[in-house]
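Since the structure comes first, as structure tokens, the remarks are kept for the end.
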Amino acid sequence: LAILLVRTFIVYILVITSLRLMGKRQIGELQPSELVVAIMISDLACVPMSQLSTPLLYGIIPIFTLVISEIFLSYISLKSEKIRIMLNGRPQILMKDGKLCREEMKKARVNIDDLLEELRKCGYYSFEDVDTVVLETGGSISVIPSAKAEPPTLGDLNIEKNQVVIPYIYITDGRLRLREIERGNRNIKWIKKELRKKGIAGTDNVFIMLEDSEGNVFVQEREGGI
Amino acid sequence: LKEIITSWILLLAMVILFFVNANSVKTLSEDMYESAEMLGKSIENGDMKKSCKEISEIKEKWKKSCKKLFHIYPHTQLEDIEKLILMTEAHIKNKEFNDAALRIEEIKYRIHLLTDNEKITLDNIF
């Protein structure tokens, strides 16, 4: 049984390494070729993990072969549009200029109920609010609203606003994040000063401290949470 | 680019592994096959003493070979050969030379299969 434990651990590390090698795309939306690889890897990992009479190499070699093929294919498809279309297909336009493209819907085997459901998920309840619908290669649906349904932007209203940036998280769980402090052009002295202003003695008791793009500092102590 | 380089390294490592494995399996199986053939001749001649000595040598050789082969072949396939070796030994000890000769032929066939299945041929692929 100890062998099973060790084998499972090795296969787990192997699968994690494989997914990391294949990149972040694997974890989010999957392209058809990536979906195939993900399914095959999960199946291949199971056999040597549970069957002790099968050498571990019987799982390792096929998994690595799949990963290598996937990396090479994605590299080739990056360079060649033809290969990319062959592997992943093209995005299909299901609605154009506010009109449904029945032929494309038939080709994509998407019925009107599926389309309505997807539109509702995107926050559109009427076809009148939609100008273009695209079925992406990963299977998701993108919607371009019609001009009258598009919400006004700050630009349309001529309102000026500072660019929002990702907040700088200086402390999490009592630990200083030096890289973030450097990124936010701050130092430890400034952080301690800010904490003192809020009546906090040291960093150890801080659950989170962050600064947004407007310079507002948010601090929550460990004990202060719900 | 990092992933591409890693892939090339992995591919190269796998190719090297295949060649090293193929060579070591070939050497091991050839050695075993030769020993089995010699034992077959001794059994044919009815030389009990020599047969006993040779079967124990084969047993020892197989034990050593198995350690390497266990990483490459399904364990059941190797255990079958081990079982046949033990059966041959029992037959020799009981002076059942005909049965022992039969088992030796089976061992030779199974060892031949080990290397044969590793060859990249259409038959093996499909």
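Worth a mention:
- You will find that of B:Ile107, B:Ile55, the residue that is assigned to a helix (DSSP H, G or I), modelled with pLDDT of 85 or more and under 10 Å from the mean Cα position of the chain (by Cα) is B:Ile107 and no other.
- Scanning segment B:1-28 for residues that are more than 13 Å from every other protein chain (Cβ to nearest Cβ) and surrounded by fewer than 14 Cβ atoms within 10 Å (Cβ to Cβ) yields B:Phe19, B:Asn23, B:Lys26, B:Thr27.
- Among (1) in a helix (DSSP H, G or I); (2) in contact (Cβ under 8 Å) with a residue 24 or more places away in the chain, the one test that B:Lys95 misses: (1)
- Residue check for B:Ile43: among the aliphatic types (A, V, I, L, M), more than 12 Å from chain A (Cβ to nearest Cβ) and without any contact (Cβ under 8 Å) to a residue 12 or more places away in the chain: no
- For segment A:160-186, a residue qualifies if it is more than 14 Å from A:Val217 (Cα to Cα), among the aliphatic types (A, V, I, L, M) and part of a strand (DSSP E or B), and exactly one does: A:Leu176.
- You will find that of B:Lys61, B:Lys49, the residue that is surrounded by fewer than 14 Cβ atoms within 10 Å (Cβ to Cβ) and away from chain A (no Cβ under 14 Å) is B:Lys49 and no other.
- Matching option when the condition is touching a residue at least 40 places away in the same chain (Cβ under 8 Å) and under 23 Å from B:Ser7 (Cα atoms), among A:Leu56, A:Leu52: A:Leu56
- Residue within segment B:75-82 that is in a helix (DSSP H, G or I), touching a helix residue (DSSP H, G or I) at 6+ places or on another chain (Cβ under 7 Å), open to solvent by 40 Å² or more (accessible area, probe 1.4 Å) and over 30 Å from A:Leu66 (Cα atoms) present: yes
The values are calculated or read from the model by the stated rules, or taken from the named source; none is laboratory data. Since we're looking at a predicted model, the values are computed, not measured. Neighbour counts run over all protein chains shown; Cβ positions are idealised from the backbone, glycine included. These area figures cover heavy atoms from the full protein model, side chains too; ligands, DNA and RNA do not enter into them. Shrake-Rupley method; radii C 1.70, N 1.55, O 1.52, S 1.80 Å.
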